[in-house]
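S.K.: The structure is given below, and queries will be raised subsequently.
The values are calculated or read from the model by the stated rules, or taken from the named source; none is laboratory data. None of these values were measured; they are calculated from a predicted model. In this analysis, Cβ positions are derived from the backbone assuming ideal geometry, glycine residues included, and neighbour counts consider all displayed protein chains. Calculation scope for accessible area: heavy atoms of the full protein, side chains included, ligands and nucleic acids excluded. Shrake-Rupley method; radii C 1.70, N 1.55, O 1.52, S 1.80 Å.
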Amino acid sequence: MVYEPQLAELRKHIDHYWILGASDLLVFSGTQMLAYPGITPDMIIVLDGYYSLSYQGKNFRSNRSLLFSFIHEKVHIDFSTLKRCIVVKFKSRALSSLKPFIRAGADTIMKNSVAFTEDVFGIGMQKLNDYLKTCGSELLVSALDSWFAQRYRKEDEGFIVEMSQEVSEYCDLKEIMQTTGYSYSTLERYFKKETGLTPKHFQTLQRFKKVLRELSTTKNHDWQHYVLQHGYYDQSHFIKEMKRFTGYSPSVLVQMPSFIELRPHYS
């Protein structure tokens, strides 16, 4: 089941809570699920079972909850031994969606971009985890809302949140510069401080994410469609960008299962 946070201040930063039981997770069983770089932070809260993860040359199996603040390269996730969990999907604004809840700066978070949640949030995360394991579905959302609300600091919302509509929907840098009167160097300073990315890298990842979702869900093999629809220079540029972030060509990607095609598209 997918639930939106009940508190307005949280909805600015958290897109939804995705509560997965054993029957839901059967969809993932026996499948090599891949997640790729993007601008959507995720938290996976394990309530029962284990997962296996391969990332940046490390392989491990664990029942500890994880925060994906940023993915530098593709991640292989095996959910086949996971029985119950919650995926917290933050708004697709990179680290700026996390900043009101985390005291560390963007540089620190980027260096440890996939981390166990208690290492990021401290002992309070383990207490939340233990409590959620005892909750029925009807209490999970209010418990999550309450926990995030306690950590929330409005003063840590910055420029990216203020410009959320312009940044999240289109990220038209020229339009943002015209609206604000800021130079590109000023925008770059804000973006790097609040998201960990330059505006152009943010914009490129935003486009890649949209294309990957469309490619994975529609299985459309017409590469020229993506060139025309998403503003690539030509077919070669499109293919090169997909390979840059995934390691695979579009013709291979369209046949591979990806986490993005199974997760709800809620916002």
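S.K.: Which of the listed residues, LEU262, THR134, THR198, is farthest toward the dipole's positive end in the chain, when Lys, Arg count +1 and Asp, Glu count -1 at the beta-carbon?
M.R.: The Cα lying farthest towards the positive end belongs to THR198.
S.K.: Take the alpha-carbon centre of the range 209-267, take the same for the range 136-179, and report the distance between them in whole Å.
M.R.: 26 Å
S.K.: If you scale each eigenvalue of the Cα gyration tensor by 5 and take the root, what three semi-axes come out for the range 186-228, rounded to whole angstrom and sorted largest first?
M.R.: Details: eigenvalues 167, 21, 4 Å².
Semi-axes from the Cα gyration tensor: 29, 10, 5 Å.
S.K.: In debye to the nearest 20, how big a dipole does the chain give about its Cα centre with +1 on each Lys and Arg Cβ and -1 on each Asp and Glu Cβ?
M.R.: Numbers: 33 positive and 29 negative charges, 113 e Å.
Dipole magnitude for the chain comes out near 540 debye.
S.K.: Using R₀ = 30 Å, calculate the FRET efficiency as 1/(1 + (r/R₀)^6) where r is the Cβ-Cβ separation of THR186 and ALA149; round to 0.05.
M.R.: Values: r = 32 Å, r/R0 = 1.07.
Once the sixth-power term is evaluated, E becomes 0.40.
S.K.: Tell me, rounded to the nearest percent, the portion of alpha carbon pairs in the range 143-267 spaced more than 18 Å apart.
M.R.: On the way: 4806 of 7750 pairs.
When every Cα pair of the range 143-267 is considered, 62 percent fall beyond 18 Å.
S.K.: Are there DSSP H segments in the chain that both extend 30 Å or more along their axis (alpha-carbon positions) and score a mean Kyte-Doolittle hydropathy of at least -0.5? List them, or say none. Display every interim value, and only then the final one.
M.R.: Values: long enough: none.
Counting only whole DSSP H runs, no helix qualifies.
S.K.: Pull out the extension gain between SER249 and MET1, defined as 0.36 nm times the separation in residues minus the alpha carbon to alpha carbon distance; nm, one decimal. Walk me through the intermediate numbers first.
M.R.: Working: separation 248, 0.36 × 248 = 89.28 nm, distance 3.31 nm.
Here the segment from SER249 to MET1 would lengthen by 86.0 nm.
S.K.: Within the accessible area of the chain, what % is carbon and sulfur when the probe is 1.4 Å and the other protein chains stay in place? Write down the numbers at each step before the final one.
M.R.: Working: 6200 of 12680 Å².
It is 49 percent, rounded to a whole number.
S.K.: Using only the Cα atoms of the range 102-178, what semi-axes does the equivalent ellipsoid have when each is the square root of 5 times a gyration tensor eigenvalue? Give whole Å, largest first.
M.R.: On the way: eigenvalues 193, 60, 26 Å².
Its equivalent ellipsoid spans semi-axes of 31, 17, 11 Å.
S.K.: Just list whichever of LYS74/LYS99; LYS111/LYS174; LYS133/LYS219 have alpha carbons separated by over 27 Å in the model shown.
M.R.: On the way: LYS74/LYS99 24 Å; LYS111/LYS174 30 Å; LYS133/LYS219 38 Å.
Exceeds cut-off: LYS111/LYS174; LYS133/LYS219.
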